[in-house]
Amino acid sequence: MSEAHQRSSTDAVIDALHSRRSGHNFDPDADVDGETLEALVEDATLAPSSYNLQPWEFVAIRDDDRLDELVDIAYGQEHIREAGTSILVAGHTEPKTADRVFEEWVEAGRFDAETGEELKEQTVASYESERAGRDYAMRNAGLAAQNLLLSAHARGLTATPMTGFDFEAAAEFVDLPEDTVPVVLVAVGPSGGDEPERLPRRGVAEVLHRESF
Ligand SMILES: Cc1cc2nc3c(=O)[nH]c(=O)nc-3n(C[C@H](O)[C@H](O)[C@H](O)COP(=O)(O)O)c2cc1C
């Protein structure tokens with residue numbers, strides 16, 4: 001990559017971080033098309049994950065009647081309907097992809113077979129407690145959700161992450177399997193206009209701790 005290209009893509013990423021917002025003003029008459037939906041999810045799947053397990057799933061809700069039901073599940077958050085697309089980002093609480101993914105590490109020559117097997121066993125063991133399984137789901141799928149938000153922003157769309165919804169009802173609504181939990185719901189769609197100014201952020205001097213808290 002040339003130095004100029006490197007600089008302009010760095011600038012673009014930093015600009016996106018600074019300008020991304022959780023929007024609430026969606027154009028109720030315009031929706032994300034199917035191709036863009038797939039592109040958003042592809043970008044989300046480029047997120048990092050522990051041992052590349054990719055323990056995430058994305059359930060897109062776009063049907064108008066289903067969106068009405070989702071508004072109720074999300075305690076009346078009307079912007080869900082106006083956005084036109086909601087994506088429930090969910091995470092695995094069990095290492096369901098471990099066999100396949102550790103095979104890929106070995107096939108790619110990144111580990112020998114014995115090391116791959118050992119690492120897989122360690123990883124599977126680390127999911128044993130219920131708490132650990134949920135932690136993995138939240139961390140990994142949370143990073144994928146952030147990619148989704150940034151991708152939507154880069155594509156000129158508005159997106160809002162949401163946890164103001166009934167998790168159990170949402171899991172049932174989209175038929176999530178037992179070992180897959182809702183992490184965050186992302187409403188996404190074309191913008192309907194300006195958003196209010198961003199609220200203040202806690203400053204670096206307050207949140208950055210050097211060496212220890
Ligand atoms: C975990 C999480 C849950 C959130 N839940 C909701 C929600 O239920 N409804 C909503 O409108 N916004 C929700 N938001 C958006 C926040 O209100 C928003 O990120 C915050 O006010 C900062 O604004 P910004 O994203 O525009 O910088 C949520 C954000 C996060 C990260």
*asked:* Looking at R198 and the list (1) farther than 11 Å from S22 by Cα; (2) open to solvent by 50 Å² or more (accessible area, probe 1.4 Å); (3) in contact (Cβ under 8 Å) with a residue 12 or more places away in the chain; (4) within 13 Å of the ligand (Cβ to nearest atom), which single condition is not satisfied?
replied: (1)
_Looking for something within 16 Å of the ligand (Cβ to nearest atom) and open to solvent by less than 10 Å² (accessible area, probe 1.4 Å) - is there at least one such residue anywhere in region 61-69?_
yes
_Looking at region 137-148, I want the residues that are in contact (Cβ under 8 Å) with a residue 24 or more places away in the chain and farther than 21 Å from A16 by Cα and have a partner that is open to solvent by less than 70 Å² (accessible area, probe 1.4 Å) and part of a helix (DSSP H, G or I) with Cβ atoms under 8 Å, at least 6 apart or on another chain. Which pairs are those?_
R139/S50; N140/S50
*Restricting attention to region 157-184, which residues are away from the ligand (no atom under 16 Å from the Cβ), part of a loop (DSSP other than H, G, I, E, B) and not charged (D, E, K, R)?*
V174, L176, P177
*Could you please give the count of residues in region 26-70 that are of a type in the set (D, E, K, R), farther than 29 Å from E94 by Cβ and part of a loop (DSSP other than H, G, I, E, B)?*
5
*So is R210 without any contact (Cβ under 8 Å) to a residue 24 or more places away in the chain, within 14 Å of the ligand (Cβ to nearest atom) and surrounded by fewer than 11 Cβ atoms within 10 Å (Cβ to Cβ) or not?*
no
*region 93-118, subset more than 27 Å from G142 (Cβ to Cβ) and not charged (D, E, K, R), residue surrounded by the most Cβ atoms within 10 Å (Cβ to Cβ)*: V106
_Between a residue in region 161-173 that is under 23 Å from N147 (Cα atoms) and open to solvent by 60 Å² or more (accessible area, probe 1.4 Å) and any residue that is away from the ligand (no atom under 12 Å from the Cβ) and modelled with pLDDT of 95 or more, which pairs come within a Cβ distance under 9 Å, given they are 6 or more apart or on different chains?_
F167/V181
*Would you check if R7 is surrounded by 14 or more Cβ atoms within 10 Å (Cβ to Cβ) and out of contact with any Cys (no Cβ under 9 Å at 6 or more places or on another chain)?*
no
*Among the residues of region 38-60, which ones are among the hydrophobic types (A, V, I, L, M, F, W, C) and either more than 16 Å from the ligand (Cβ to nearest atom) or modelled with pLDDT under 95 (or both)?*
A39, L40, V41, L46, L53, F58, V59, A60
*Go through (1) within 21 Å of L143 (Cβ to Cβ); (2) more than 16 Å from the ligand (Cβ to nearest atom) and name the single condition A187 misses.*
(2)
*Among residues of region 71-122, those that are within 16 Å of the ligand (Cβ to nearest atom) and either assigned to a helix (DSSP H, G or I) or aliphatic (A, V, I, L, M) (or both), counted*: 13
*For region 149-160, how many residues are over 11 Å from the mean Cα position of the chain (by Cα), open to solvent by 40 Å² or more (accessible area, probe 1.4 Å) and in contact (Cβ under 8 Å) with a residue 60 or more places away in the chain?*
3
*Can you find even one residue in region 101-118 that is touching a Gly at 6+ places or on another chain (Cβ under 6 Å) and small (G, A, S)?*
no
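The values are calculated or read from the model by the stated rules, or taken from the named source; none is laboratory data. The shown structure was predicted, so the numbers you read here are calculated from the model rather than taken from an experiment. Glycine gets a Cβ as well: all are built from the backbone with ideal geometry, and neighbour counts include every protein chain shown. Accessible surface is based on the protein model in full, side chains and every heavy atom, while ligands, DNA and RNA are left aside. Shrake-Rupley method; radii C 1.70, N 1.55, O 1.52, S 1.80 Å.
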